[in-house]
Structures are given as structure tokens and as C-alpha cells.
Amino acid sequence: MTELTITPAPSLAGSSRHALSDTWTVTKRNLIRTRRVPEAIFFSSLQPIMFVLLFRYVFGGAIPVAGTTYVNYLMPGIFVQTMCFGAIQTSIGLAEDLHSGLLERFRALPMSRSAVLGGRTTADVFRNVFVILLMTIVGILVGFRPEGTIFTYLAACGIMLLFSYSLMWGFAYIGLAAPNAEVAQLMSFPLLFPLTFASTAFVPLSSMPGWLQGFAANQPVSVVVDAVRSLMIGGTYYSPSSIWKAIAWSVGLFLVLAPLAVRKYRKA
Amino acid sequence: MSLSRFSQLLALYGPFGRVVILTEMPSSLAVDARGLTKVFSKGAVRALDGFDIEVPIGQVVGLLGPNGSGKTTAVRILSTILQPDAGSAAIMGFDVQKQASSVRRVIGLAGQYATVDENLTGTENLDMVGHLCHLARGTVKPRALELLEQFGLSDAADRPVSTYSGGMRRRLDLAAALVARPPLLFLDEPTTGLDPQSRLGLWDVIEALVKGGTTVLLTTQYLEEADRLANRVVVIDSGKVIANGTPAELKRDLGATVLELTLADDASATTASEMLKDLSTKVTHVDGNLLELTVEKGPAVAAEALRRLDAADMPLLGLSLHEPSLDDVFLALTGQKTEVDTEALTASTGRKGRKAKETS
């Protein structure tokens with residue numbers, strides 16, 4: 001047995017360094033979990049691929065869009081939809097940790113209080129990067145031809161990741177509030193369906209009834225899809241204002257949702 | 001390094017690394033809780049109701065009580081997981097509410113629901129805890145391997161925990177609690193649901209830790225466990241302490257030795273009952289040819305009973321002395337049978353999920 005070593009309680013600077021290293025430790029743990037259950041990644045990738053095929057080859061022919069091919073119109077919508085649905089994983093993961101008692105152990109450790117939520121959301125950002133890569137490849141295989149440069153493409157990816165990161169905090173709240181992981185998942189769908197489908201992700205705004213257009217045009221998913229389309233496709237879809245609006249929505253959502261989730265975590 | 005020196009050193013560094021001058025010297029109590037009260041479900045459940053407990057440094061205190069008596073709530077408050085509604089508690093001299101981060105640096109917690117990550121391997125679990133306890137870089141891995149070795153998990157070190165047996169999980173959970181070598185260990189029903197062999201193995205491990213100087217607060221429903229491991233036993237029921245003492249004291253105060261004599265026939269049992277009733281502290285009990293006396297000094301009274309029966313030429317077919325068990329004590333105190341039987345049943349139905357906050 002080695003001698004008992006004593007590290008002094010951290011200073012303020014030390015504790016923020018701990019916050020980062022603790023967040024990274026929890027992130028690694030979540031990533032190992034993902035790697036160890038490859039079925040989860042496989043089947044959660046299957047769903048967006050099905051959506052691509054469904055809209056590209058089944059519904060797409062019936063949806064006229066201006067200025068570009070339907071697959072080009074579709075892919076930014078698919079990207080954003082996939083990330084929104086992926087945020088459910090944030091709520092499921094936290095609900096599982098909470099109800100398995102693991103958060104209990106974390107709470108009795110001298111670790112940073114913010115590391116559990118930080119580590120969960122950071123790991124989910126990594127997952128989203130993977131999803132973007134995969135969906136880009138799938139898109140290109142079915143005829144997706146993004147315009148613009150690699151930089152505008154990366155900027156579009158950045159906006160999507162930012163938005164999905166903000167959204168995760170809302171789903172973190174759901175995961176901590178839900179009685180179990182299954183219910184957390186069920187609670188997520190009624191939120192996600194109107195946001196992703198009553199949006200400009202799959203169909204042009206003009207095809208919707210007037211009363212719906214007001215909601216569909218301004219809700220965050222549409223705004224982010226428009227921003228991504230502006231950067232990836234441009235042309236008719238060029239819309240710098242949607243880029244700023246997307247960033248504003250993301251920052252705004254984060255500022256509201258993150259404190260809610262943190263407060264829920266402290267009480268959970 | 002001695003434990004008191006350890007707690008002094010820790011006490012000198014405040015939560016922000018500044019040297020803090022303590023108004024009191026570090027106490028010799030590892031746990032000092034007064035009047036803890038916790039109410040759940042908007043007042044419907046008083047999980048703790050003015051609960052006091054003291055655990056001197058270097059000792060093992062057993063917190064004994066039935067399901068729902070408040071044991072787990074007490075441990076959760078003492079380990080800073082839960083805030084009390086009233087009362088106060090100091091761990092190694094640190095206040096659980098105001099100095100929670102200092103408290104977390106001196107405690108280890110292992111629970112009845114082994115809280116290790118199923119998808120991680122044994123090594124990965126201990127590595128994670130080591131990093132989260134901020135062990136010095138380079139010591140995390142050796143410490144993990146040392147613990148896996150110590151707990152007989154080396155062969156399973158690189159297998160995901162989901163492949164572990166219940167006993168292995170529990171050992172890993174205990175190992176995780178020990179990563180940072182905490183001077184104080186909370187063990188919440190450490191052997192509940194384990195098979196007898198795993199239970200004995202875990203008891204050995206806990207005894208070795210205590211020999212090494214670790215202070216332990218142990219909750220249990222198993223009287224045998226408290227009897228074997230604890231220096232002192234605190235009996236809790238409905239969130240209140242209803243008895244407190246060494247196992248021997250509790251048995252002496254509340255238990256009773258029963259002297260059971262088997263006589264030749266029913267009639268001689270009745271005769272013997274008359275002859276010996278002054279030896280019994282309670283009314284004697286005759287059941288067929290069986291006579292039961294409640295006695296204080298078992299062997300001495302048994303010898304006296306034998307002499308009298310021999311003098312009266314009454315043959316004796318059998319004699320036995322039942323020392324009181326903590327079970328008897330517990331029954332006398334709470335009016336409840338202990339839950340060993342129901343516990344064995346639930347254990348056989350598999351691993352229970354963590355219940356909501358109202359667990360005992």
C-alpha cells in the first residue's frame with residue numbers, strides 16, 4: 001500500500017481546472033459507453049438514413065422546390081432533424097444515470113458539480129460530429145451536391161452543432177425530470193414532431209396553410225434549417241439574416257435551458 | 001499518518017485552499033449528527049425525525065433498522081447527497097451543508113445498489129473515480145490495479161461490469177469507494193442480497209479495512225452483520241434512534257437467556273416448573289414435557305437447576321441455553337420481525353432498481 005497522500009482543497013483557479021478535467025472524464029466515460037454498445041449507434045444511424053431514402057425516393061417527387069434539386073433542399077433539413085432527434089439521447093442518458101444510482105455516487109465525490117451535465121452534452125456533440133459525417137456521405141451517395149466552399153460547409157456544420165448543443169440542455173432537463181428513461185423518450189416526441197415537421201426542413205413554407213406559416217417560418221428549427229441551406233446551397237436560399245437569427249436562437253435557448261437543467265440537476 | 005493528523009491537515013485547508021483557523025480543534029468524532037430531520041412527499045413521510053448519531057474515529061458503528069426506517073436517508077444526508085430539513089451534522093469536523101466539498105474529500109460511499117457503470121470495465125470504473133477524486137496523475141492507474149487485485153477482481157478487470165456477478169459488482173462498488181483512501185466509509189447495506197459466501201468475503205474485506213484504521217458507518221438489516229462488525233449499534237425505527245450501545249449491552253439490557261429443560265413427562269415438567277420458578281425472571285412456560293425459564297446468568301442457573309432436579313431424582317432428557325441474539329433485541333425494540341426472510345426473497349428475484357427518494 002502506498003502512503004496516504006493529501007492534496008489540499010483546490011483554490012478557485014484549481015477548481016475551474018478541475019471542472020474542465022472532470023467534464024472531460026465524464027465525457028470519456030460516455031463515449032466509452034457509446035463505443036461499447038455499437039448496436040445503439042448503428043440503429044440510431046439507420047433512422048436518418050431511412051428518412052433520406054424516404055424523402056429522396058418516395059415523397060420527394062411530389063414536393064416541388066424552387067432553384068435547386070429536391071435532394072439538395074432536403075439534406076440540410078435532414079441534418080437538423082437528425083440532431084434534434086439525437087438530443088433525445090441526452091435525456092435518455094441522464095435519466096439512466098439518475099435512476100441507476102450513478103449520479104448518487106458522483107454527488108458524493110469531490111468532483112465538479114457541473115461535470116455531469118457538461119460531460120453528457122460534450123459527448124453528445126462528438127456523436128453529432130459523427131452523424132454529420134455519416135449523413136454527408138449518405139447524402140452524396142443519393143445525389144446531394146452542396147454548393148459553396150468547404151468553409152461555408154463547415155460554418156453550416158458549426159451552426160448545427162451550436163443549435164443542437166443548446167437543445168441538449170432542454171433535453172437534459174427532460175431526462176432529469178422524467179421518472180425513467182422510457183418516459184424521457186416518450187416525453188421528447190411531442191416536442192420534436194411539430195418542431196421538425198412543421199418547419200421548412202422537408203417542404204417549402206409556401207405549401208403550408210397561412211395560419212401555420214407564421215409558426216413554421218419563425219420557429220427555431222426552420223430558422224436553423226434556413227441558415228444551413230443558405231450556407232450549403234446558397235442561390236435562391238441565400239439568407240444572411242437567417243444565419244444571425246439561428247445563432248441568436250441558439251444562444252437564447254442555451255441561456256434559458258442550461259440554467260433550468262443545472263437547477264434540476266442540483267435538486268434531482 | 002495518523003487519522004487525527006489527517007483531519008487536522010485537511011481542516012487547515014479551507015474549501016478555497018486558504019488556511020482556515022478553526023475555532024475548535026478537530027473533533028475525535030468522525031460523524032457527529034444532531035437532530036437530523038428529513039421530510040418527504042410534502043410532509044407525508046418523516047424519513048428522519050430528530051436523528052442523532054456519533055461515530056468515533058477508528059470505530060465501526062452499525063445503524064440497524066427495518067426497511068423504511070430512515071437508514072439510507074441518514075447516510076445520504078451524511079454523505080452530502082441530500083440536504084436535511086433540520087438539524088446539523090459534522091463529518092471529520094466539516095459541516096455537511098456549509099463545507100460539503102471538504103466532506104466529500106474524506107468520505108467513501110458504497111451502497112446497496114452497486115453504483116458502478118455497467119458498460120465500463122472494472123478498471124475503467126476505478127480509473128474514472130480516481131480522476132474524479134483528483135488523484136495525482138500517474139497514481140490513478142496503479143491505484144485501480146491495486147484495488148482490483150485486493151478485491152480479487154484482477155481476472156475480470158477488463159471485462160464490462162455487465163458480465164459481473166452480484167458479489168463482484170458489490171466488491172467493485174466498495175473498491176470504487178476506497179479509491180481516494182477515505183478515512184471514513186459509509187456502507188449502506190453492503191451485503192443485502194448477496195449469497196452467504198460473498199457476504200462472508202465482504203465481511204473479511206471490511207474487517208481488514210477497519211484494522212487499517214478506517215472508520216465505518218454501516219447500515220444493515222442483518223443483526224448478525226452488526227454483531228460481527230460493529231463496535232456500537234444504533235437502532236433506528238421511524239427515523240428515530242430507539243437504542244444505542246455495544247451489541248453486548250443491547251443484549252444484556254433487552255435480551256434474555258432462555259433455559260430450556262426437557263423432562264421425562266408432562267407431569268414432571270409441571271412439578272419442575274414449581275420447583276424452579278424462583279430461578280426464572282419471568283413466568284415459567286410449560287409446553288408438554290418442555291420447561292422454559294427466562295434467566296439472567298445462564299450457566300450458573302443451569303447448574304442450580306440440575307442440582308435441584310438431581311436431588312429430587314427427576315431424570316432430565318435434555319437441556320439447552322439460548323443466548324439472546326440481536327434479533328431478539330430488535331424484536332423487543334421495534335415489535336417487528338427483522339426482514340431477513342423478505343429480503344432473501346427479493347434478492348432472489350434479481351437486482352432491484354433504485355427506488356425513489358423514500359427508500360429507507
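The values are calculated or read from the model by the stated rules, or taken from the named source; none is laboratory data. Nothing here was measured: the structure is a model prediction, and the numbers come from that model. All Cβ positions, glycine included, derive from the backbone under ideal geometry; neighbour counts span all protein chains shown. Ligands, DNA and RNA are excluded from the accessible area calculation, which covers all protein heavy atoms including side chains. Shrake-Rupley method; radii C 1.70, N 1.55, O 1.52, S 1.80 Å.
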I want to confirm something. Restricting to segment A:7-16 and keeping residues that are more than 7 Å from every other protein chain (Cβ to nearest Cβ) and open to solvent by 50 Å² or more (accessible area, probe 1.4 Å), which single residue is modelled with the lowest pLDDT? A:Ala13
Top-ranked residue in segment A:111-122 [being more than 14 Å from every other protein chain (Cβ to nearest Cβ) and either in a loop (DSSP other than H, G, I, E, B) or crowded, with 21+ Cβ neighbours inside 10 Å (or both); ranked as farthest from the chain's Cα centre (by Cα)]: A:Leu117
Going residue by residue through segment A:87-110, is there one that turns out to be farther than 21 Å from A:Leu162 by Cα, open to solvent by less than 40 Å² (accessible area, probe 1.4 Å), touching a His at 6+ places or on another chain (Cβ under 9 Å) and within 14 Å of chain B (Cβ to nearest Cβ)? yes
Is it fair to say B:Asp195 is modelled with pLDDT under 90, away from chain A (no Cβ under 14 Å) and farther than 16 Å from B:Leu120 by Cβ? yes
Restricting attention to segment B:191-200, does a residue exist that is more than 27 Å from B:Gly298 (Cα to Cα), assigned to a helix (DSSP H, G or I) and open to solvent by less than 70 Å² (accessible area, probe 1.4 Å)? yes
Pairs with Cβ under 8 Å, 6+ apart, first in segment A:17-38 and more than 10 Å from chain B (Cβ to nearest Cβ), second hydrophobic (A, V, I, L, M, F, W, C): A:Ala19/A:Ala115; A:Thr23/A:Ala115; A:Thr27/A:Ala123; A:Thr27/A:Phe126; A:Leu31/A:Ala123; A:Leu31/A:Phe126
Segment A:180-199, residues that are over 30 Å from A:Ser100 (Cα atoms) and open to solvent by 10 Å² or more (accessible area, probe 1.4 Å): A:Pro194, A:Leu195, A:Phe197, A:Ala198
Taking the stated definitions as given, is B:Leu174 more than 10 Å from chain A (Cβ to nearest Cβ), in contact with a strand residue (DSSP E or B) (Cβ under 6 Å, 6 or more places away or on another chain), open to solvent by less than 30 Å² (accessible area, probe 1.4 Å) and of a type outside the set (Lys, Arg)? yes
Any hit, segment B:294-311, residues being assigned to a strand (DSSP E or B), in contact (Cβ under 8 Å) with a residue 12 or more places away in the chain and either within 27 Å of the chain's Cα centre (by Cα) or farther than 16 Å from B:Asp328 by Cα (or both): no
Would it be correct to say that B:Thr115 is of a type in the set (S, T, N, Q), within 14 Å of chain A (Cβ to nearest Cβ) and within 25 Å of the chain's Cα centre (by Cα)? yes
Of the residues in segment B:277-300 that are over 15 Å from B:Gly318 (Cα atoms) and aliphatic (A, V, I, L, M), the one that is least open to solvent (accessible area, probe 1.4 Å) is B:Val295
Would you say B:Pro26 is part of a loop (DSSP other than H, G, I, E, B), at pLDDT below 90 and in contact with an Asp or Glu (Cβ under 8 Å, 6 or more places away or on another chain)? no
Can you tell me how many residues within segment A:217-248 are closer than 19 Å to A:Tyr165 by Cβ and of a type in the set (Lys, Arg)? 1
If you check A:Ser164 against the conditions, is it in contact (Cβ under 8 Å) with a residue 24 or more places away in the chain and either open to solvent by 50 Å² or more (accessible area, probe 1.4 Å) or among the charged types (D, E, K, R) (or both)? no
Six or more apart or on different chains, Cβ under 9 Å: which pairs go from a residue in segment B:210-223 that's under 17 Å from B:Leu63 (Cα atoms) and touching a residue at least 40 places away in the same chain (Cβ under 8 Å) to one that's open to solvent by 20 Å² or more (accessible area, probe 1.4 Å) and of a type in the set (Val, Ile, Thr)? Could you list them? B:Thr215/B:Ile57; B:Val216/B:Val210; B:Gln221/B:Thr338; B:Gln221/B:Val340; B:Tyr222/B:Thr338; B:Tyr222/B:Val340; B:Leu223/B:Thr338; B:Leu223/B:Val340
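So for segment A:123-146 (the condition being within 13 Å of chain B (Cβ to nearest Cβ) and in contact with an Asp or Glu (Cβ under 6 Å, 6 or more places away or on another chain)), does at least one residue qualify?
No, segment A:123-146 contains no residue that is within 13 Å of chain B (Cβ to nearest Cβ) and in contact with an Asp or Glu (Cβ under 6 Å, 6 or more places away or on another chain).
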Scan segment A:200-246 for residues that are in a loop (DSSP other than H, G, I, E, B), surrounded by 14 or more Cβ atoms within 10 Å (Cβ to Cβ) and touching a residue at least 60 places away in the same chain (Cβ under 8 Å) and jot them down. A:Thr200, A:Ala201, A:Phe202, A:Val203, A:Ile233, A:Gly234
Out of curiosity, is B:Arg46 open to solvent by 10 Å² or more (accessible area, probe 1.4 Å), within 12 Å of another protein chain (Cβ to nearest Cβ) and of a type in the set (D, E, K, R)? no
Could you tell me whether A:Leu154 is farther than 26 Å from A:Asn218 by Cα and open to solvent by 50 Å² or more (accessible area, probe 1.4 Å)? no
Among the residues of segment B:257-293 satisfying the criterion of being assigned to a strand (DSSP E or B), aliphatic (A, V, I, L, M) and touching a Gly at 6+ places or on another chain (Cβ under 8 Å), which is modelled with the highest pLDDT? B:Leu261
Out of (1) crowded, with 17+ Cβ neighbours inside 10 Å; (2) within 14 Å of chain B (Cβ to nearest Cβ), what's the single condition that is false for A:Pro48? (2)
Given the conditions (1) over 16 Å from the mean Cα position of the chain (by Cα); (2) open to solvent by less than 30 Å² (accessible area, probe 1.4 Å); (3) of a type outside the set (A, V, I, L, M), every one holds for B:Ser41 apart from (2)
